[in-house]
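Below: one structure, written as structure tokens.
The values are calculated or read from the model by the stated rules, or taken from the named source; none is laboratory data. These numbers were taken from a predicted model, which means no experiment stands behind them. Methodologically, a virtual Cβ is constructed for each residue, glycine included, from the backbone with ideal geometry; neighbour enumeration extends over all protein chains shown. The protein model used for the area step is the full one, side chains on, heavy atoms only, and it has no ligands, DNA or RNA in it. Shrake-Rupley method; radii C 1.70, N 1.55, O 1.52, S 1.80 Å.
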Amino acid sequence: MCLRLSLPVLTLFPLFFALPAVPSLRNWNQPVKPFRIADNLYYVGASDLTSFLITTPKGDILLDGGLRETAPQIERNVAALGFRMTNVKILLNSHAHMDHAGGLAELKRISGAQLVASRGDAPSLETGDRDDFAWGNRLTFPPVKVDRIVDDGSQVTLGNVKMTAHVTPGHTKGCTTWTTTVTDHGQMYNVVFVCSTSAPGYKLAGNRKYPQIAQDYEHTFKILRGLPCDIFLASHGSFFDLTGKRKRLGSTMANPFVDPDGYRAFLDRTERDFRSSLAAQSRRAP
Ligand SMILES: [Zn+2]
């Protein structure tokens with residue numbers, strides 16, 4: 001859960017499975033037409049909860065599954081592009097929160113794909129995020145078995161595609177930012193799929209369940225600033241202006257998803273948010 005939801009909404013969580021009850025989640029999960037971002041990289045997610053399809057001659061890779069309710073949309077979007085879920089050989093996850101991992105169990109069932117996830121988040125995927133350090137048992141989702149564990153720098157290869165895992169912890173203990181390269185009109189681009197840098201209502205100082213949380217965010221911003229980025233994508237469309245770029249796609253010569261400045265601005269903005277929350281909490285801490 002990357003964006004702060006108000007307390008009244010949090011108390012609605014038992015109703016969580018009745019999606020329409022939570023307006024902001026409904027807004028995040030509106031169906032959108034799938035489209036090609038570049039070369040063999042496609043957008044197959046919802047209005048804000050992202051999911052990406054990367055195709056190869058040896059089968060396809062799908063990154064993230066949205067909410068439990070997003071899985072059928074993703075399946076329809078993959079088919080609408082002329083691909084098949086049964087050709088998805090590898091499922092990847094950014095992090096084990098219900099709005100990105102909730103649909104993975106179903107997508108794994110229909111594709112038979114191998115699920116690859118970080119050592120830090122694999123336990124949460126396999127419990128459906130029970131006993132979350134921030135949410136306890138309030139944001140659970142259908143548990144899903146992890147088939148392969150990756151660590152920082154691990155590579156996942158399929159056909160001619162190589163995805164590299166960068167463990168960028170803080171938002172979750174195993175939050176994973178993935179990178180790869182694609183070509184578009186003959187030019188090669190570095191792609192970054194940012195996990196998340198938000199700390200929605202998190203205890204950043206004196207957190208007994210996650211004592212090193214602040215250091216992990218510091219480390220994460222350092223890692224993310226060091227990644228070469230041409231095409232900036234992320235686990236939420238609002239992080240990289242999915243809606244605006246999708247509208248401009250095809251109307252300008254340049255591909256609007258090529259946005260290294262947007263990437264740096266996102267890091268500047270969210271690092272500022274993190275630092276001001278940490279400073280405020282440290283001031284209040286006994
Ligand atoms: Zn999240």
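For first residues located in segment 122-147 and under 20 Å from P211 (Cβ atoms), partners that are of a type outside the set (S, T, N, Q) and open to solvent by 20 Å² or more (accessible area, probe 1.4 Å) and lie 6+ apart or on another chain with Cβ distances below 6 Å form the pairs F133/K209. Among the conditions (1) in contact (Cβ under 8 Å) with a residue 60 or more places away in the chain; (2) farther than 18 Å from E271 by Cα, the only one that F193 does not satisfy is (2). Total residues in segment 228-250 satisfying the condition of being within 16 Å of the ligand (Cβ to nearest atom) and aromatic (F, W, Y): the figure is 2. Got at least one residue in segment 138-158 being within 16 Å of the ligand (Cβ to nearest atom) and open to solvent by 60 Å² or more (accessible area, probe 1.4 Å)? The answer is yes; a qualifying residue exists. Taking segment 189-231, which residues are assigned to a loop (DSSP other than H, G, I, E, B) and among the aromatic types (F, W, Y)? Scanning segment 189-231 gives Y202, Y210.
Mind checking whether some residue in segment 219-230 is more than 25 Å from L49 (Cα to Cα) and open to solvent by less than 70 Å² (accessible area, probe 1.4 Å)? Checked segment 219-230: at least one residue is more than 25 Å from L49 (Cα to Cα) and open to solvent by less than 70 Å² (accessible area, probe 1.4 Å).
Taking the criterion of being open to solvent by less than 10 Å² (accessible area, probe 1.4 Å) and more than 16 Å from the ligand (Cβ to nearest atom), the residues of segment 109-121 that qualify are A113, L115, V116.
Tally the residues that are more than 16 Å from the ligand (Cβ to nearest atom) and in contact with a helix residue (DSSP H, G or I) (Cβ under 9 Å, 6 or more places away or on another chain), restricting the search to segment 84-108.
Number satisfying all stated conditions: 10.
Only a single criterion out of (1) over 30 Å from V32 (Cβ atoms); (2) assigned to a loop (DSSP other than H, G, I, E, B) is not satisfied by A280, namely (2).
From the residues in segment 167-186 that are on the phi < 0 side of the Ramachandran plot and surrounded by fewer than 23 Cβ atoms within 10 Å (Cβ to Cβ), which one is nearest to the ligand (Cβ to nearest atom)?
Going through segment 167-186, the residues on the phi < 0 side of the Ramachandran plot turn out to be 167-169, 171-184.
After this cut, where a residue has to be surrounded by fewer than 23 Cβ atoms within 10 Å (Cβ to Cβ) as well, the list is 173, 179-184.
Details: K173: 12, T179: 19, T180: 21, T181: 26, V182: 25, T183: 31, D184: 29 Å.
Within segment 167-186, the match that is nearest to the ligand (Cβ to nearest atom) is K173.
The single condition among (1) farther than 27 Å from T183 by Cα; (2) buried (at least 22 other Cβ atoms within 10 Å of the Cβ) that S198 does not satisfy is (2). If the condition is being assigned to a strand (DSSP E or B) and free of Cβ contacts under 8 Å to residues at least 60 places away in the same chain, then segment 232-277 contributes only F232.
Anything in segment 93-108 that is in a helix (DSSP H, G or I) and either more than 13 Å from L63 (Cβ to Cβ) or open to solvent by 10 Å² or more (accessible area, probe 1.4 Å) (or both)? List them, or say none. Don't jump to the end; show me each part of the working.
Going through segment 93-108, the residues in a helix (DSSP H, G or I) turn out to be 98-101, 104-108.
M98, D99, A105, E106, K108, listed by residue number.
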